[in-house]
Amino acid sequence: MGLTCYIIDDELHNIATIKEYIIDANDFKIAGTATDPRIAIEEINKLKPDVVFSDINMPLISGIDLAKQVENITMVVFVTAERLYNLKGIDLDKSIVLHKPLSRAKFLRASELIKSRLI
């Protein structure tokens, strides 16, 4: 599969889980990861991945604010423990929300939805 992705989460174990599911699904190539949203914004704008997997609740910049600051984002998948959040200003046609704890089955369903929207 030719879709590239970038993973941003302030907790390394969440990045590791998403990486594992991406490898298992064999649907994406990982372009990069970060725990600091400021670094992620720069790298995402430079790398231009097809999909960004982002936590919502992070220090300094929320995942929602990150998505608003990224140029030409194709799709963002919010992976969050938050149940209540405001997605105001986010293009919901280009977004998916997955709730933590993330399971392999949830990820695989989301992967199919991502592919159906982007391919």
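Derivation of every value follows stated rules applied to the coordinates shown; laboratory data play no part. Source: prediction; values computed, not measured. We place every Cβ from the backbone using ideal geometry, glycine too, and count neighbours over all the protein chains shown.
Remark: spin-label model distance GLU71-ASP93 equals 2.3 nm, labels positioned 7 Å along the Cα→Cβ axis. Here the residues LEU108, LEU66, LEU60, ranked from fewest to most Cβ neighbours within 10 Å of their Cβ, fall in the order LEU60, LEU108, LEU66. Straight-line cross-link reach from LYS100 at under 23 Å between alpha-carbon atoms covers these lysines, not counting any fewer than eight positions away in the same chain: LYS19, LYS29, LYS68, LYS88, LYS115.
Once the chain from GLU82 to GLU20 is taken as fully extended at 0.36 nm per residue, the excess over their C-alpha distance is 20.1 nm.
Exposed loop sites here mean GluC sites (Glu not before Pro) with a DSSP loop assignment and at most 15 other beta-carbon atoms within 10 Å; the chain contains its longest site-free run at 12-70. Taking Cα centre as origin and charging only the Cβ of basic (Lys, Arg, +1) and acidic (Asp, Glu, -1) residues, the dipole magnitude of the range 3-118 rounds to 320 debye. Here the 3J(HN,Hα) profile of the range 29-41, calculated from phi with Karplus coefficients 6.51, -1.76 and 1.60 at θ = phi - 60°, is 10, 7, 7, x, 9, 7, 9, 10, x, 5, 5, 4, 4 Hz, Gly and Pro shown as x. Near SER54, the amide H atoms lying under 5 Å from its own belong to ILE8, VAL77, PHE78, VAL79; only residues 5 or more places off or on other chains count, and H is placed 1.01 Å from N.
Normalising the Debye intensity of the range 1-85 to I(0), with uniform scatterers on Cα atoms only, and taking log10 at q = 0.10, 0.21, 0.24, 0.26 Å⁻¹ returns -0.20, -0.93, -1.21, -1.39.
Comparing mean-square fluctuations of SER54, SER95, SER103 from a GNM of the chain with C-alpha springs under 10 Å, the top value falls on SER103.
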